[in-house]
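Structure first, then comments.
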Amino acid sequence: MDLSNRTVLVVGGTSGIGRELARRFAAAGSQVAVAGRSREALSDLAAEGFGTFSIDVTDSASVASARDAVLARYPELDTVVTMQGVMLLEDLRDPAHFEAARVTIDTNLVGSIRVIDAFTPHLIRRGAGTIITVTSGIAFLPFPPMPTYAASKAAVHAYSEALRAQLDGTGVGVVELVPPAVATAGQEKVNPHALPLGDFATEVMQLLSADPTPREIVVKAALLHRWAERDGTYGDLVAQRSEALAMLPGRAG
Ligand SMILES: NC(=O)c1ccc[n+]([C@@H]2O[C@H](COP(=O)([O-])OP(=O)(O)OC[C@H]3O[C@@H](n4cnc5c(N)ncnc54)[C@H](OP(=O)(O)O)[C@@H]3O)[C@@H](O)[C@H]2O)c1
């Protein structure tokens, strides 16, 4: 993918990985719009020169109106990134976890489907474009303190595979970004192994720039998770990662 001439929308571009990749696409020469809920972050990004759009992916009307506003301003839009996501801890021994599960599925999975549905007809009409979905190493190797998160990302992986097959022949490609732990969203405080955001973004842009673009963007630090099942390390790694259940508030001591 030539990163210097795209017209990109990053949904969930108001912080973290999305904001950094928005900046990288812009630095490479692409036109970039970002969308999210935070008015303050959107206003800061507008001051940086980005097109900014308010969107709540859990609300179909909000997605439709954001789509209309984006396409009115960027009729040449060719790349849509569904970066939005929440990463919530859940204690499955406490039924109160359900609300976190609901929000996780609505934001990470159904939110991605809402955004993809909103833009797919435009991309098919253009006859060229790319949908970049975002999963996680956790889609392939569960992290037991975040069960619905893992389920949502495994679902986005499966959905991306089917979407790619269904769009075959339309000129619209599907690329799945599979981040490992990256030092954003508070991870930097709890996970010493989280990859620095700048290093992660540099590797992602290098991988994206390959021609043809790979179906999955898996940085080196995510290979362990992506291929654990194939490599026979899955059982041991899940057991090791289950030790983190001690971080759940109800399990202390
Ligand atoms: N950081 C990691 O270690 C890691 C690892 C693997 C995968 N990922 C994935 O990478 C993506 C970005 O994560 P991050 O670490 O950069 O986290 P982040 O800084 O918390 O970013 C999350 C983004 O999602 C947006 N968002 C959340 N709910 C939304 C909603 N209902 N409607 C619209 N936008 C919404 C947020 O914007 P507003 O609050 O402005 O709406 C924000 O821009 C997520 O999909 C995450 O699951 C992250």
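The values are calculated or read from the model by the stated rules, or taken from the named source; none is laboratory data. As the structure is a prediction and not an experimental result, all values here were calculated from the model. A quick note on method: Cβ atoms are made from the backbone with ideal geometry, for glycine too, and the neighbour counts reach across all protein chains shown. These area figures cover heavy atoms from the full protein model, side chains too; ligands, DNA and RNA do not enter into them. Shrake-Rupley method; radii C 1.70, N 1.55, O 1.52, S 1.80 Å.
Just a few scattered comments:
- Of residues in the stretch 1-24 being within 10 Å of the ligand (Cβ to nearest atom) and assigned to a loop (DSSP other than H, G, I, E, B), the one surrounded by the fewest Cβ atoms within 10 Å (Cβ to Cβ): 15
- All of 186, 173 fail the test of being small (Gly, Ala, Ser) and more than 16 Å from the ligand (Cβ to nearest atom), apart from 173.
- Considering only residues in the stretch 40-54 that are part of a loop (DSSP other than H, G, I, E, B) and more than 13 Å from the ligand (Cβ to nearest atom), the one that is least open to solvent (accessible area, probe 1.4 Å) turns out to be 49.
- Segments classed as helices (runs of 4 or more DSSP H), wholly inside the stretch 121-224, with at least 3 members that are open to solvent by less than 40 Å² (accessible area, probe 1.4 Å): 147-167, 197-208
- Single unsatisfied condition, residue 107 versus (1) in contact with a Phe, Trp or Tyr (Cβ under 6 Å, 6 or more places away or on another chain); (2) part of a helix (DSSP H, G or I): (1)
- Residue 248 away from the ligand (no atom under 13 Å from the Cβ), closer than 22 Å to residue 89 by Cβ and modelled with pLDDT under 95: yes
- Scanning the stretch 25-39 for residues that are open to solvent by 70 Å² or more (accessible area, probe 1.4 Å), near the ligand (Cβ under 9 Å from one of its atoms) and over 16 Å from the mean Cα position of the chain (by Cα) gives a single hit, 39.
- In the stretch 55-71, of all residues being more than 9 Å from the ligand (Cβ to nearest atom) and polar (S, T, N, Q), the one that is surrounded by the most Cβ atoms within 10 Å (Cβ to Cβ) corresponds to 65.
- Test: residue in the stretch 86-93 that is open to solvent by less than 50 Å² (accessible area, probe 1.4 Å) and either closer than 24 Å to residue 30 by Cα or at pLDDT below 95 (or both): no
- Residue match in the stretch 238-252 (condition: open to solvent by 20 Å² or more (accessible area, probe 1.4 Å), over 25 Å from residue 97 (Cβ atoms) and outside any loop (DSSP other than H, G, I, E, B)): no
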